Every structure is written in C-alpha cells, then in structure tokens.
C-alpha cells in the first residue's frame, strides 16, 4: 500500500473508530442518567443493561482497529565490530568494522610488544550494547 | 451481561430495538451470503499485497546495491545495469527425478554450469575486481536474485488467488507470509554483509577451521594449497596427530566443493585416514540458544546434497568414521552478519574438535577436519 493510500485508510479508520466510541460514550451516558420511565422499563426489559452491553461492544470495536493495525516494535539496530588482538601480549581492542577487514587479517606490529596484531573476531552486537561499552570506557 | 444480550428484539427502547434488528440482520446476512470469507480474503490479500510491496522494494534495492558494487569494485567499461537485469531472473531447471539414477551427478553438472556462467558474467562486469571481490559480488548478486525470485513467486500467488477468488489458496499464502518474510529479511540483511565482506552465520564452520589453523600453526610452518575448486587444505600437527584442515578459500564469499576435497584426500591417503571431523552451522530449534554446540555422526554439510553424497559414498567405501560438530543458528542468522554468540560458539566448537581428536584418535593418526560454510570475511 502506498504512503498516501495508507494515510487515507488510517484517517477513515480513525474517523470510524471515533464515531463508534462517541456513540458508545453516549450509551453509557444514557445508562448512568436513566429517567424514571427507563428505570421502570428496565424492570421488565433490562434496557439499561442492554445499553451498557452495546456501549462496551462499541468501545471494543472502536479500540480493536487501533490494536490490530498498531505498528510492531522497531527492530533493534545492530553494529558490526572487529576485535583486534595481539599474538604476543594481552592487547585487545574492539573497534567498528571497516571495509576490507576479515578474521585473522594481520594488522602489523603491536604498540605494546614486538609481536603482530591481528583481527581475532568480527561479530555484530546491538547498538545499545556498543553505547554501553563506550560509556564504560 | 449475557442475559440482556439474549433479549434479542426484546426491548421497547427504539434505539436498542433498531440496533438489535440491525445486528441480527447483519449476522444472518454474513452467515448465509459467505461474506465472512470474502471479508477475510480481502484482509489476507491486503496483507499479502503489503508483503509484495516490501519484497519489490527489497528486490529493487538488491539490484541497485549489486550494480553499485560492480561500479565501485569492478570499474566496468560499459553500464552494467542491463546485464544485471538480464541475470536477475536467471533460472536453473532441476534435473528429472523420475529416473533417479545419477540425479546428483546431473544436478552437480548443472550447478557447475550455472556457477561458471555467473563467474563469467561477474568477470565481464567487474574486470578490475580481484578474486575475493568478484566472489563477494557474486554473493551479493545471488542474494538480490533470491529476493527477486521471492517477489515474483508471491506476486504470482497473489494474482492467482485474487483472480480465482480461492479462499484456501489465499489462506495458504497468508499463513506462509511470516516464514517468507523471515527468509526475505535474511537475504536483505545479507546484502549489506556481502557488500562489505562481513562474516555471516553460515561461515561458522569455516571460522572454526580458521581458528584451528591459527592455533595449530603457531609453532610450525603449515602448508596451504588449493585441493579442490575454491577449497584449501592446510596440513598441520596437533598432539602428534597429522591434522588436514579443509575449508573454502577466504576472505571472499565462497563455499567451494569441500566434498570433493575430502574424497580426494581419502583416496590419496591409501587408507591412512583415521577419522573425518566435519563442522558446520546447523538450524536450531526455536527456543534454543544461538551458538550452542551439538555433536553427532554423519556428513555435516548443507546445500543441494551433491557434496554430502560424495562424502557419504567415500567414507562408507573406506569405512572411515565421520563425526559432526554443529553450531546451532537460526535461518536469519545464517545470512546476516555473525552474532557475538555464534562467534563465541565457534571458539567453543574448536575446543570440542580438539577434544574429539585427542579422545578418538591415537598418536600418529591422520585426521581430516573440514570446516564447512561460506568463507566471506574469514581469512
């Protein structure tokens, strides 16, 4: 469905739900402010309860489309990171993945020792976890 | 609440009376006119239409990503758009199965022809790209092609259902939508992974092989050679055992023919292979954790079963035991950038393989370790 059609569909649905909800509220008003005649009639026909029944039914119908057509939760964004390690020492750095990176790619000399640095792992993690890690650093 | 609702037409309030009559007539009409099914069909068709729109968008994006990648890496002399469009609906006509003898050989031949066609097209489209870049372009092309096929199939079923107004057909497509979208989403996410050369979940087996090569070759100069199409062999030593590690050649997106490699090794060894250990990513059951390790026996290899058949035939004739180590992942995780849980699982699987070698082989034995999977982003 195109964006324009979806907007029109949502507007019509919203208007329809609004009308149903308004009518439901009106029936509740009638239920709460029953006249003497209504109360008398209620003894034989149960009219007040019927009004309440329809009021609740209409309110459910009004709310249902909002629940049914509500958008699902957005998918968590993920980010790919590369773990840089060293063959000679405990050096470990987690940085963003760059084009051309691959697991076990040799990256040259280590700043802490004479050994070689390499990418020991590449994996994706949720962005929130990356932010947490950055905050911790 | 129930009692008043049963008082159909029993009210003297005109408002309620009208509503009762309307609802009564409405339900009678819905039941006998078959309108309920029509309304449901319309709802389902609307849902299918939404999926088609999404699939078309992803399919177009896949095509444009492929073209952009070819332009960036391949520096083509002419516009690649028309050739890419031509190949977007490339089909493989599967061999006849009514006469099953040799069906896998015929399928292998067709798959080889298909691959060589794609190799040629990519080489023609991207003359400046190196071997790994060409492999990645091919993988991106395949993902775009899969998205296009999904779009075409679902659109076909949608029009068929709409034209014939076949409720059962519409319902069957609607039921399958969530699964189709799972696959489509996986292929869509794979586009990014293939374009950037990131490791994917399917490459876990190959990653385990790389971890073992890296570990076993620390103190020795291990030799690596191409033993079969796009498959490398690294001969190493672990605890006095000769370990022959087989995996696809990375870091480009390749799967290769590991079955052929294992068969060649067994034939050349003249009966000296004590064990074959195969590592691959396998589909997890819903509720299982990604990256979980499972052990078993048999040829752990997916795909069109051509390679699996070759391995099974050879190990059976030579009576070589085959162990399987499976790293559990979901279908989406197989094609999306590798999750941390799966990467950690690969390290655990490597430990498990070492245990198998120690426990089930003797000093001086020769063992084949085959890491199966797409080597994209794994060197």
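Quick check: from the Cα gyration tensor, does chain B come out rounded (a/c under 1.5), prolate or oblate? Prolate. Legend: mean number of C-beta atoms from other chains within 10 angstrom of residue C-beta atoms, peptide A:96-103, equals 6. Centroid-to-centroid, using Cα positions, the stretch B:289-325 and the stretch B:87-152 are 24 Å apart.
Assuming R0 = 51 Å, can you tell me the calculated FRET efficiency for the pair residue A:25 and residue B:120, based on Cβ-Cβ distance, to the nearest 0.05?
Values: r = 70 Å, r/R0 = 1.38.
After rounding to 0.05, the efficiency reads 0.15.
The stretch between residue B:53 and residue B:331, if pulled fully straight at 0.36 nm per residue, gains 97.8 nm over its current Cα-Cα span.
How high is the FRET efficiency from residue A:7 to residue A:127, r the C-beta distance, R0 30 Å, rounded to 0.05? List each step's numbers first, then the result.
Working: r = 30 Å, r/R0 = 1.00.
Computed FRET efficiency for residue A:7 and residue A:127: 0.50.
With neighbour counts taken as other beta-carbon atoms within 10 Å, the residues A:53, B:24 rank, fewest first, as B:24, A:53.
Decide, for the stretch A:78-136, between rounded, prolate and oblate: order the square roots of the alpha carbon gyration tensor eigenvalues as a ≥ b ≥ c, take rounded if a/c falls under 1.5, and otherwise choose prolate if a/b is larger than b/c, else oblate.
Numbers: a/c = 3.04, a/b = 1.64, b/c = 1.85.
Oblate, since a/c reaches 1.5 and b/c is not below a/b.
Ordering B:336-346, B:231-241 by mean Cβ neighbour count within 10 Å, with the highest value first, yields B:336-346, B:231-241. Counting Cβ atoms of other protein chains within 10 Å of each Cβ in B:332-339 and taking the mean gives 3. Rounded to the nearest 10 degrees, the angle from helix B:131-164 to the longest Cα principal axis of chain B is 20 degrees.
Could you tell me whether the stretch B:293-379 comes out rounded, prolate or oblate from its Cα gyration tensor? Rule is a ≥ b ≥ c as square roots of the eigenvalues, rounded for a/c under 1.5, then prolate if a/b exceeds b/c, otherwise oblate. Please list the in-between numbers first.
Working: a/c = 2.26, a/b = 1.34, b/c = 1.69.
The shape class here is oblate.
Mean per-residue shielding of peptide B:16-23 is 3, counting Cβ atoms of other chains within 10 Å of each Cβ.
If I fit a long axis through the Cα atoms of helix B:14-33 and take the longest principal axis of the Cα atoms of chain B, what angle between them do I get, 0 to 90°, rounded to 10? The angle comes out at about 50 degrees.
Order by neighbour count: B:309, A:36, A:14, fewest other Cβ atoms within 10 Å first, most last. Please report the intermediate quantities before stating the final value.
Values: B:309 18, A:36 7, A:14 13.
Going from least to most buried by this count: A:36, A:14, B:309.
Summary value for the stretch B:17-121: 13 percent relative contact order, contacts being C-alpha pairs under 8 angstrom separated by 6+ residues.
Entry note, chain B: relative contact order of 20 percent, from Cα contacts under 8 Å with a spacing of 6+ residues.
With helices as the sole contributors, chain B gives -19500 deg cm²/dmol at 222 nm; each DSSP H run of n ≥ 4 counts as -39500 (n - 2.57), and the sum is divided by every residue. Every Cα-Cα pair in the stretch B:36-196 was counted, and those over 20 Å apart are 59% of them. Against the main long axis of the alpha-carbon atoms of chain B, helix B:35-69 sits at an angle near 30°.
So how do B:101-108, A:105-112, B:136-143 stack up, highest first, on mean other-Cβ count within 10 Å?
Values: B:101-108: 15.1, A:105-112: 12.6, B:136-143: 24.5.
Taking the mean over residues of other Cβ atoms within 10 Å, the ranking is B:136-143, B:101-108, A:105-112.
Values quoted throughout were computed directly from the atomic coordinates according to the rules given, and no laboratory measurement underlies them. Small disclaimer: the values here were computed from a predicted structure and weren't measured. Cβ: placed from backbone, ideal geometry, glycine included. Neighbour counts: every protein chain shown.
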